[in-house]
Amino acid sequence: MKTFTLGQTALTVPNIVAGMMRIANMDDADIRALVNTAIDQGITFFDHADIYGGSLHRSEHRFADALQWTPAQRAEVILQTKCGIVNVGPQGYFDFSHDHIIESVEASLAALRTDYIDILLLHRPDTLVEPEEVAQAFDELESAGKVRNFGVSNHTPGQIELLRKYVRQPLVANQMQLSMTHSPLIAQGIAANILTQEQSVSRDNGLLDYCRLNGITIQAWSPFQAGFSNGVFLGNPEYPELNAALERVAAKYGVTPMGIATAWITRHPANIQVVLGTTSPGRVKEAVAGSDIPLTRAEWYELFRMAGHMIP
C-alpha cells in the first residue's frame with residue numbers, strides 16, 4: 001500500500017483510511033475482524049466522529065470496547081475524530097465554540113480509552129464560528145497533549161483561511177465527499193469557464209488546488225457513492241457504461257471494480273486518502289488491492305468520461 005507524509009505533519013500515513021461510522025451495532029468479534037483485517041492490509045489509520053453510531057460517541061465506545069488495546073498497540077495506529085455537529089437531524093446545528101470543542105474531545109478521549117487524539121477535524125463549517133475561540137481550544141488541547149494535529153472537514157478555502165488567521169497550528173487535512181461520479185472537486189477545473197456547462201460551475205472555490213498549494217491532505221469520504229446520498233455506482237444499472245469500463249480495467253489489473261474505483265482516486269497526484277465506510281473485511285481487501293495501481297492517463301480519463309463528466 002502506498003504511504004506518504006500527511007499534510008504538514010511528521011505522520012506517515014496509508015492512502016486508505018478505515019472509517020468507523022457504521023460499527024456501532026456490530027458485535028465485538030466482527031469489529032475486531034474488521035479492524036484486524038485493515039491492519040493486516042496496511043491500514044493503520046482509523047476515522048471516527050463524535051456523532052457516529054446514533055448517539056454521541058457510541059462508535060468510539062464500541063471501537064475501544066471491542067479492541068481493548070494496550071498502550072503499545074494504540075501507539076501503532078493513527079486515530080482521527082471529529083467534532084462540531086450537534087443533534088443530528090431536523091433539529092441539528094453546528095458548534096465550533098471553545099466549550100463544545102473541549103467537551104467533545106474530552107468525551108472522545110474517554111470513549112476511545114486513549115490519552116491523545118492524533119488528528120482532530122472540525123466536522124462541518126459553523127457559520128457562527130468565532131475563530132478566536134477555535135484557536136483557544138486548539139492551544140489548550142495541544143499544550144495538554146490531548147490532540148497532536150488539527151484539520152477540517154467539508155470546508156472551503158475561504159473558511160480555512162478564516163481559521164488560519166487565528167489558529168497557530170497547521171490545518172493538515174480536509175475531509176470532503178469525492179467519488180468518480182461525485183467529483184466537482186476535480187471536474188470543475190477540467191471544464192473551467194465553459195458558459196453552458198453545469199460542470200463548469202465552481203462549488204468550492206478551487207479547493208483541490210488550494211489544498212495542494214497549502215499542504216493540506218484531502219480525505220475522500222463516500223468514495224463509491226453515486227451522489228450525495230443516493231447509493232453506490234458500483235453495479236448500479238443507472239451507470240452501465242461506467243461499470244462496463246470498470247469491469248474491463250479491473251480484469252486487466254486482476255482486481256475488482258471496487259479496486260479500480262479506489263485506484264481512480266489514489267492515482268491523483270494530490271495524495272488523496274480514501275476513507276472506506278464498509279464493515280466488510282472482504283471489501284476492505286478489494287479496495288486495498290487497488291490502492292497503488294498506477295492507472296494510465298488514458299484509463300483515468302476514460303473512467304472520468306464514463307462517470308458522466310465532460311472532457312472539452
TODO: Kindly provide the set of residues from the range 54-78 that are part of a loop (DSSP other than H, G, I, E, B) and under 11 Å from SER108 (Cα atoms), ordered by number.
DONE: LEU56, HIS57
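Residues checked against (1) farther than 30 Å from THR9 by Cβ; (2) among the hydrophobic types (A, V, I, L, M, F, W, C); (3) free of Cβ contacts under 8 Å to residues at least 60 places away in the same chain; (4) surrounded by fewer than 14 Cβ atoms within 10 Å (Cβ to Cβ):
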residue: LEU213; (1), (2), (3), (4): no, yes, yes, yes
residue: ALA220; (1), (2), (3), (4): no, yes, yes, no
residue: PHE224; (1), (2), (3), (4): no, yes, yes, no
residue: GLY231; (1), (2), (3), (4): yes, no, yes, yes
residue: GLU238; (1), (2), (3), (4): yes, no, yes, yes
residue: ILE260; (1), (2), (3), (4): no, yes, yes, no
residue: ALA263; (1), (2), (3), (4): no, yes, yes, no
- [ ] From the list GLU76, GLU60, pick out the single residue that is buried (at least 22 other Cβ atoms within 10 Å of the Cβ), acidic (Asp, Glu) and at pLDDT 95 or above.
- [x] GLU60
- [ ] Collect the residues in the range 197-232 that are of a type outside the set (Gly, Ala, Ser), part of a loop (DSSP other than H, G, I, E, B) and more than 20 Å from MET21 (Cα to Cα), keeping them in residue-number order.
- [x] GLN197, VAL201, ARG203, ASP204, ASN205, ASN214, ILE216
- [ ] State whether the residues of the range 296-306 include one that is modelled with pLDDT of 95 or more, in a helix (DSSP H, G or I), buried (at least 17 other Cβ atoms within 10 Å of the Cβ) and touching a strand residue (DSSP E or B) at 6+ places or on another chain (Cβ under 8 Å).
- [x] no
Task: Breaking point among (1) over 22 Å from the mean Cα position of the chain (by Cα); (2) more than 28 Å from SER222 (Cβ to Cβ), for LYS146 - done: (1)
- [ ] Determine whether the range 19-41 contains at least one residue that is in a helix (DSSP H, G or I), among the hydrophobic types (A, V, I, L, M, F, W, C) and over 19 Å from PRO281 (Cβ atoms).
- [x] no
- [ ] Any residue in the range 102-131 that's on the phi > 0 side of the Ramachandran plot and touching a residue at least 12 places away in the same chain (Cβ under 8 Å): show its pairings with residues that are surrounded by fewer than 20 Cβ atoms within 10 Å (Cβ to Cβ) and in a loop (DSSP other than H, G, I, E, B) at Cβ separation under 9 Å, as long as the two are six or more apart or on different chains.
- [x] ARG113/GLN68; ARG113/TRP69
Task: In the range 79-99, the residues that are part of a loop (DSSP other than H, G, I, E, B), at pLDDT 95 or above and at negative phi - done: ASP95, PHE96, SER97
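The values are calculated or read from the model by the stated rules, or taken from the named source; none is laboratory data. Quick caveat, the model's predicted, so the values are computed rather than measured. So basically every Cβ, Gly included, is an ideal-geometry build from the backbone, and we count neighbours across all protein chains shown.
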